[in-house]
Every structure is written in C-alpha cells, then in structure tokens.
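S.K.: Just dropping this structure here.
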Amino acid sequence: MVQHIASAACSACDAGSFQGSQNQTACEVCSPGGFCLTGAVAPTLCAAGSYSDAYGNQHQLDCNPCPPSVQGRDDALATALWERSEALSAALG
C-alpha cells in the first residue's frame, strides 16, 4: 500500500512519511519494517531485535520487540550454556 500525501510546494514531510527524491510535492507513507522522522528521505529500519508490520510509523518506539526464539526460552539449554561458559572461563584462569 503506497499512499501519497500531496502538497502544492516543496516542504519537509511529516513524521510517518518520507520523500525519496528531490523536488517532489508528495510524501509517501512510511512502510512496514521501519519508521520515518519529520523530513525523512527514506524509512529508517527498526533496530535489531525489533520489527513493525504497520504503515506510518513515526519513531523507533513504534517498533515492537521481537519475541525470543524457542531456544531463548529453553531453561535447560540456558543452564547448560551458563555451565559451559563458567568451565571455559575457569580454564582460561
């Protein structure tokens, strides 16, 4: 979904939209996966570990944290990793 917000003169786009080329008089709505600050020339991707599936995001705060993976929720795996890390640290002295 690409939506254009037209204006009669060149001006900075509002947050949530961007202008990808010079001398445009229309702004495009910011696409999913990122956000657009005021005056953006392209969407800024959501930070690592976050995502967005919405249009028109205005700030990183509009991006959602990614849920942990199955492995990230595995307490036994976390314990084994911790114990292995401790053993390696002890071996290094």
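S.K.: All but one of (1) at pLDDT below 95; (2) touching a His at 6+ places or on another chain (Cβ under 6 Å) hold for Phe35; which doesn't?
M.R.: (1)
S.K.: If I ask for residues that are out of contact with any helix residue (DSSP H, G or I) (no Cβ under 6 Å at 6 or more places or on another chain), of a type outside the set (Asp, Glu) and not in a loop (DSSP other than H, G, I, E, B), which ones from segment 5-58 would you list?
M.R.: Ile5, Ala6, Ser17, Phe18, Ala26, Cys27, Val29, Gly34, Thr44, Leu45, Ser50, Tyr51
S.K.: Let me ask something additional. Could you check, for segment 63-70, whether at least one of its residues is open to solvent by less than 100 Å² (accessible area, probe 1.4 Å), of a type outside the set (S, T, N, Q) and not in a loop (DSSP other than H, G, I, E, B)?
M.R.: no
S.K.: Return the only residue of Ala54, Ala47, Ala80 being surrounded by 10 or more Cβ atoms within 10 Å (Cβ to Cβ), within 30 Å of Cys10 (Cβ to Cβ) and of a type in the set (Gly, Ala, Ser).
M.R.: Ala54
The values are calculated or read from the model by the stated rules, or taken from the named source; none is laboratory data. Everything quoted here is computed from the prediction, not taken from an experiment. Backbone-built Cβ (ideal geometry, glycine too); neighbour counts: all protein chains shown. Please note that ligands, DNA and RNA were not included when accessible areas were found on the heavy atoms of the full protein model with its side chains. Shrake-Rupley method; radii C 1.70, N 1.55, O 1.52, S 1.80 Å.
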